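Worksheet: the structure to be examined is printed underneath.
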Amino acid sequence: MRQAKLETIVWLNRLGSFRAVAEKLNTSQAVISQRVASLELELGVKLFERNTRGLKLTPKGAALLPYAERIVDISAEMLMQVTDPSAYAGVIRIGAVETLVHVWLHRLLERIYETYSGVAVELTVDTSGVLRDAVLKGKLDIAMLLAPEREPDLTKKAICTYKLAWTASPALGLGTKTLSIDELARLPIITFARHSVPYNRHQSRQHTEIDVNSRRPYRDPIDREENYGNFHKDYL
């Protein structure tokens, strides 16, 4: 029994004419008539009878009507829940590396709250390795991180790229001088956290380093002391 047939019965009872129902459901009177005839044949009963005032439900039609209305209403409610973003509710656990927190994550959270008012976000900020493990263990639903090149157990999608920039303390007096890799290696370098993806990709060079887990203290030690740092350009 198709829902379209039941919907036709509901609207015929409300509007009282084949023409009005055809206009309401954006179809032809012939289709409406065929739906009624098909449902009557399927059930083996007559659902409507004509009188001087138009269409009237038979006793069997009147018995069917409340069930048809419930099915149509439940179907409409189901579609609203599925297609209306404001109908979503629950908690989503999101992880993000700190760079994104300082650059654009706040705008993403604003969009989520505006579009899905019933959704609460639990945010975890940590290094890529920690976030990756949390996703694999089911502790996070989604994570925005620096993904390793090979990770068969995760579904990955690239969402943004950032260029890295070197920033030096004025106390070094470098000016516009271009440094070689060996010269860089002799400087104390503030960089990404140990075992992070960027750190591991560049750890082949030996250098004196200050290893920190947060980007927040980067600027001050570079400005105050003779240090050199490697950061995302958008954070500087």
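Would you list which lysines come within 20 Å of residue 137, measuring only between C-alpha atoms, while excluding same-chain residues fewer than 8 positions from it?
156, 157
Computed over the Cα atoms of region 87-144, what is the ratio Rg over Rh, Rh following Kirkwood?
Values: Rg = 11.6 Å, Rh = 11.8 Å.
Rg/Rh for region 87-144 comes to 0.99.
Pull out the extension gain between residue 122 and residue 23, defined as 0.36 nm times the separation in residues minus the alpha carbon to alpha carbon distance; nm, one decimal. Numbers along the way, then the final one.
Values: separation 99, 0.36 × 99 = 35.64 nm, distance 4.78 nm.
Extra length available between residue 122 and residue 23 comes to 30.9 nm.
Please give, to one decimal in nm, the separation of the simple spin-label points placed at residue 76 and residue 109, each 7 Å out from Cα toward the Cβ.
Here the modelled spin labels are 3.9 nm apart.
Would you work out the relative contact order for region 25-171, in percent, from Cα pairs under 8 angstrom that are 6 or more residues apart? Each step should come with its number before you reach the end.
Working: 123 pairs, mean separation 25.5, N = 147.
With pairs under 8 Å counted, the relative contact order is 17 percent.
Give the relative contact order (percent, whole number) for region 3-91; include only Cα pairs under 8 Å separated by 6+ residues. Walk me through the numbers before you get to the answer.
Working: 74 pairs, mean separation 25.4, N = 89.
In percent, rounded to a whole number, it is 29.
Quick one: 3J(HN,Hα) in Hz for region 41-51, Karplus 6.51/-1.76/1.60 with θ = phi - 60°, rounded, Gly and Pro as x.
With the stated coefficients, region 41-51 comes to 5, 5, 8, x, 9, 9, 9, 10, 9, 9, 9 Hz.
If you build the convex hull over the alpha carbons only and average its shadow over all orientations, what do you get for region 43-85? Give it in nm² to one decimal.
Numbers: hull surface 16.8 nm².
Quarter of the Cα hull surface area: 4.2 nm².
Treating only the Cα positions of region 3-83 as identical point scatterers, give the base-10 log of I(q)/I(0) from the Debye formula at each q in 0.15, 0.16 Å⁻¹.
-0.52, -0.59
Which residues' amide hydrogens lie under 5 Å from the amide hydrogen of residue 192, considering only partners 5 or more residues apart or on another chain, with H built in the peptide plane?
none
Residue 15: net charge of surrounding residues, Cβ under 15 Å, Lys/Arg +1, Asp/Glu -1, itself excluded? Mind dumping the intermediate values first?
Details: positive: 14, 19, 24, 35, 50, 53, 56; negative: 7, 23, 69.
So the environment of residue 15 carries a net charge of +4.
Read the figures in this text as sums done on the coordinates, not as results from a lab. Quick caveat, the model's predicted, so the values are computed rather than measured. Cβ sites come from the backbone with ideal geometry, for glycine too, and all protein chains shown count toward neighbours.
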